[in-house]
Structure formats: structure tokens, C-alpha cells
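Trainee: Please read through the structure below; I'll follow up with questions.
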Amino acid sequence: MDTAIIFVALIGLMVMAYRGASIILIAPVFAVVAALGSEHASLPVFSELYMTKAAEYLKNYYPIFLFGAVFARLMEKGGMAASVAGKIIELLGEKRAVLAVLLGCGALTYGGLSVFVVAFVMYPFGAVVFKKADIPKRLLPAALWMGIFSFAMVAMPGTPQIQNIIPSSYFGTSTWSGMGIGIFASVVFLLMGWGWISFRAKRLKAAGEGYGRHIEFSQRRHKIPNPNWKVSVIPLIMVIGLNVFLSNPFNWDWAFHWDQGALESLVPLKISLLAGSVAKISAGWSITISLILSSIAAAIIARRHLRITEGMMTTINGSAVSSCSAVLNVASGYAFGCVVVSLGGFVVIKDLLLNLDFGGGPLFSAVLTTNVMCGFTGSASGGLTIALSMLGDQWAAMAAQAGIPLEVLHRIVAISSIGIDPVPHCGALVTMLAICGLSHKDSYGDIAILMGMKFLVPFLCVIFYMVTGIA
């Protein structure tokens, strides 16, 4: 009965989210519903468990959401993101339309822009190049999804996206962990997206279907052009370069070294330290500082353009406000998942997931568990955080026993977070379809096929590591 009520709550959450209800509102409601079949009282579950876990997520990751949103908004409104994207499209041309969209999205995502901002920025360029190449528009969401929410978000070593930072707070690793596995997965993701969408485009065009007649969003024109792409790419390079210097993944003598005793200064204040050690939070510190300094550079480069569009302060204030909604959405899904996995009815499922081995130590368990949690929440970062908070310590212990570096576990769980995350109720998916002016009926079929393919990638990565030993 306990397990059945958990699934009732989960299905209710999915249905309501699919129908457009805010996850901020419905997540605590269904968390209470999930607790009805347990021995726990509902209100304590809400106030002491749900709210505590939501606050814990905010404490750990809000700075990254905040300064990531500021940086992304400055790049967008300052015309720099469009300048870089336009140059990539220009270089590859309409003959390589699909590859141009994939690489354009990947460059902006790896450069530190919010994935939602990349979708807004790349949509007009993708629509133009798809129209010139006469590729059916219903394939555009799949191309955008594979370019934004795959290799550049979780696989490429050093990516500043939150899904690559979360494992570091559990394992004390850096965002550059598992470079060999990450590069292998990046190539697989890129070839997978390019191959399938190109194949579908040829089939549909052979059947007589072209881009079609669609009303596109009008583009506002300003008195001055966007900054030159050579200058616009500087803040993107700064994010990556500063992150390398501050996180120092290769332990270079000349790079920065965090004081591992820094938290001891708070001991006299009698503060409860959730982090435990500097090693588990220094990756977040590194990317936060990188985003702040890169935002300053972006503001200086695009200052004239920003005065004409929104104004510097309006742009910064708007991004700060929008970051609150973004982090609350993820924190709400995460807190719901934490309630579910803490209930007695989930014990059977948890034991089943933990005991998966198949010769890969904790790796197969990590792959499947992370996928399940991300599918439950419809969020890569939310599901990843739940999986790690539930079984992260056990996986780390099992990895040490099996002689598997934590860097491998870091990269595997990050890649696993995007396997089945584009379930129909996924907020990012609903937003992207709205940006494209298309519906689930129009475009979800190809996204679902790619979702099935993406689900296999982390398993391939585990096999790649087991066969080659390359981390």
C-alpha cells in the first residue's frame, strides 16, 4: 500500500505538470499525498522534510543559478550570444544545417549560458537555416534538444552547467573529472543527434514534406549591430579558462589552490556545516567566481548595446528575478523526490537499484537509478541530486572497494542524468516546444526516439571504461 500511494503521488505530479501546473505549487502537495500511506504525520513531512530539503538545495546551488542567469542575460541582451551563434551558422551553412544547430547550441551551452537562454537565442537561427535547407520544422526541437541538453551540458569535461557541478559536491571531484569518458560520450551524443535528425530529414523530404508554413517570432532591430563575434566569444572563453584556473583539476603548481581549512573559521560561530569539507564545495565556488568575472567582462563589451535594448540595471535585475523561479522549480522537484525516497514504501525499489552489478561495481546501479529519478522528476538536475543524496555515499564506498576512481563515478552519473529526462512533463521540454511554436504531437516522436538512444549512452560509457580502463 505504501508503494502504491507513492506511485499515485508520482503519477499525479506528472499529470498536473503536463497540464501546465507549476511544480513549485504541486510538488509539496503531492509530497504530502505520498506520505499518507506511511507511518509519518503529513505536516511534519511537509515542514521538516520537504522544506528542509528544498532549503538545502537552495543553499548549495542558488549562487550558480543567480550568476549564471546574470551572465546569460548579459550575453543575450548584449547581442553577443547571437553574434557567436550566427558565425557558427555562417561557417557551416545550410548544407550542414543540422550540424550547425547542434554545434551552435553546444558552443553556447559549454560557454556557460543558461540552457533556456540558449534555446531562445538559437531558435531564430535554427529556424532560418532549417527553412533555407527546407528541413521540416518539426525536427528543429529535436536538434535544439540534442545540441543543448546532451554533450555540452553533461559530457564535455569542464562544462559549467549545474548537472556537472552537482556530483562534485558529493564526491569532492572537479568539473573536469572523467575526461576520457566525457569525450567518448560527447562524440556519441553528437553523432547520434546528427545522424538521426539528418536521416529523418531525408526521409521526410523524400516523402514531399519540407519546412512548411510557420509564423516565426519577429526579431527586433536596433540602431547598432551586434558586437563582433571575435569580441563576443571572450566572455565564453573566460568562463572556461577561469574555471580551469580556480578549480585546478590537473593540480598545476601555478594554478589556484583552495585553503582546505577555510571552513574552520566558522567554527566559533557554531554554524552547522552541511558541506563538511572545502573539497566538496570548491567546484561551486570556482564556477561562481568565473561567472561573476565573465559577467563583468560581458557588461563592459556590450555596454552600448545594452543601453539601447533594456539598460544595464534592468537586464541584471530581470535576470536575478528569473533565477529565483528557475532554482525554486528544481528545488521543489528535488524536495519531492527526497520525501519519496525517505518513505518506507520506497525501500524495496531502493534495494533493487542498489544491488545492480553486472560486473561494473556501482556504475550500472548509478546509471539506472539516476535515469529513474530524472524520469520521475522530469528534471536532470533534480533527479541527479535525489539519486546522489539517496545512494551517493554507498556508490562511493562500493567504487573504492572495486578500485574505481570517483572521477569515473562523477562523469557516469552526470551523463546518466539526461537519459530519460525529456519525459512529456519535463518543464524544459514544454518550454522549448513553446519557443518553437510546436506541440508534443508535432515533434515529440523524434525526441522520444533520441531519448531511447540517449538512455543507452551511459551504459556504453561504462562498457568503454571497463574495456579500456580510460577514465
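The values are calculated or read from the model by the stated rules, or taken from the named source; none is laboratory data. Quick caveat, the model's predicted, so the values are computed rather than measured. When we count neighbours, we look across all protein chains shown, and the Cβ atoms used for this are built from the backbone with ideal geometry, even at glycine. What goes into the accessible areas is simple: the full protein's heavy atoms, side chains included, and nothing from ligands, DNA or RNA. Shrake-Rupley method; radii C 1.70, N 1.55, O 1.52, S 1.80 Å.
Trainee: Would you check if there is a residue in segment 433-447 being among the β-branched types (Val, Ile, Thr) and under 20 Å from Phe199 (Cα atoms)?
Mentor: Taking segment 433-447 as the starting set, the residues that turn out to be among the β-branched types (Val, Ile, Thr) are 435, 447.
Pick out the ones that are also under 20 Å from Phe199 (Cα atoms) and you get 447.
Within segment 433-447 (the criterion being among the β-branched types (Val, Ile, Thr) and under 20 Å from Phe199 (Cα atoms)), the answer is yes, since at least one residue qualifies.
Trainee: Being at pLDDT 85 or above and not in a helix (DSSP H, G or I) is the filter here; which residues of segment 297-335 pass it?
Mentor: Ala302 - this is the single residue of segment 297-335 that is at pLDDT 85 or above and not in a helix (DSSP H, G or I).
For every residue, the table says whether it meets (1) under 27 Å from Lys230 (Cα atoms); (2) among the hydroxyl-bearing types (Ser, Thr, Tyr); (3) at pLDDT 90 or above.
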position: Val118; (1), (2), (3): yes, no, no
position: Trp145; (1), (2), (3): yes, no, yes
position: Ser150; (1), (2), (3): yes, yes, yes
position: Thr159; (1), (2), (3): yes, yes, yes
position: Pro167; (1), (2), (3): no, no, yes
position: Phe171; (1), (2), (3): no, no, yes
position: Ile183; (1), (2), (3): yes, no, yes
position: Gly195; (1), (2), (3): no, no, yes
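Trainee: Looking at segment 234-250, can you tell me whether even one residue there is surrounded by 14 or more Cβ atoms within 10 Å (Cβ to Cβ), over 22 Å from the mean Cα position of the chain (by Cα) and either at pLDDT 90 or above or of a type in the set (Gly, Ala, Ser) (or both)?
Mentor: yes
Trainee: Would you mind finding the one in Val340, Val348 that is open to solvent by 60 Å² or more (accessible area, probe 1.4 Å) and closer than 28 Å to His40 by Cα?
Mentor: Values: Val340 fails: open to solvent by 60 Å² or more (accessible area, probe 1.4 Å).
Just one listed residue meets the conditions, Val348.
Trainee: Go over the candidates Ser379, Ser389 one by one and state the one that is within 19 Å of the chain's Cα centre (by Cα), farther than 17 Å from Arg138 by Cβ and surrounded by 22 or more Cβ atoms within 10 Å (Cβ to Cβ).
Mentor: The match here is Ser379.
Trainee: Would you be able to tell me the number of residues in segment 33-60 that are in a loop (DSSP other than H, G, I, E, B) and among the small types (Gly, Ala, Ser)?
Mentor: Within segment 33-60, the subset in a loop (DSSP other than H, G, I, E, B) is 36-41.
From what is left, the residues that are among the small types (Gly, Ala, Ser) are 37-38, 41.
Selection size over segment 33-60: 3.
Trainee: With respect to Val413, determine if the residue is β-branched (Val, Ile, Thr), in contact with a Leu (Cβ under 7 Å, 6 or more places away or on another chain) and under 22 Å from Met179 (Cβ atoms).
Mentor: Values: β-branched (Val, Ile, Thr): yes; in contact with a Leu (Cβ under 7 Å, 6 or more places away or on another chain): yes; under 22 Å from Met179 (Cβ atoms): yes.
Spelling it out, Val413 is indeed β-branched (Val, Ile, Thr), in contact with a Leu (Cβ under 7 Å, 6 or more places away or on another chain) and under 22 Å from Met179 (Cβ atoms).
Trainee: Would you point out which residue out of Phe30, Phe116, Phe67 is among the aromatic types (Phe, Trp, Tyr), touching a residue at least 60 places away in the same chain (Cβ under 8 Å) and either part of a loop (DSSP other than H, G, I, E, B) or open to solvent by less than 40 Å² (accessible area, probe 1.4 Å) (or both)?
Mentor: Exactly one of Phe30, Phe116, Phe67 is among the aromatic types (Phe, Trp, Tyr), touching a residue at least 60 places away in the same chain (Cβ under 8 Å) and either part of a loop (DSSP other than H, G, I, E, B) or open to solvent by less than 40 Å² (accessible area, probe 1.4 Å) (or both), namely Phe30.
Trainee: Among the residues of segment 1-27, count how many are touching a residue at least 40 places away in the same chain (Cβ under 8 Å), of a type in the set (A, V, I, L, M), part of a helix (DSSP H, G or I) and open to solvent by 60 Å² or more (accessible area, probe 1.4 Å).
Mentor: 2
Trainee: For segment 84-96, which residues satisfy the criterion of being surrounded by fewer than 23 Cβ atoms within 10 Å (Cβ to Cβ) and part of a helix (DSSP H, G or I)? Don't jump to the end; show me each part of the working.
Mentor: So the first thing to find is which residues in segment 84-96 are surrounded by fewer than 23 Cβ atoms within 10 Å (Cβ to Cβ), and the list is 86-96.
Hits for segment 84-96 are Gly86, Lys87, Ile88, Ile89, Glu90, Leu91, Leu92, Glu94, Lys95, Arg96.
Trainee: Considering segment 447-471 alone, what residues qualify as being in contact with a helix residue (DSSP H, G or I) (Cβ under 7 Å, 6 or more places away or on another chain) and open to solvent by 10 Å² or more (accessible area, probe 1.4 Å)?
Mentor: Ile449, Met453, Phe455, Phe459, Leu460, Phe464, Tyr465, Ile470, Ala471
Trainee: Which one of the conditions (1) surrounded by fewer than 22 Cβ atoms within 10 Å (Cβ to Cβ); (2) within 30 Å of Gln260 (Cβ to Cβ) does Gly195 fail to meet, given that it meets all the rest?
Mentor: (2)
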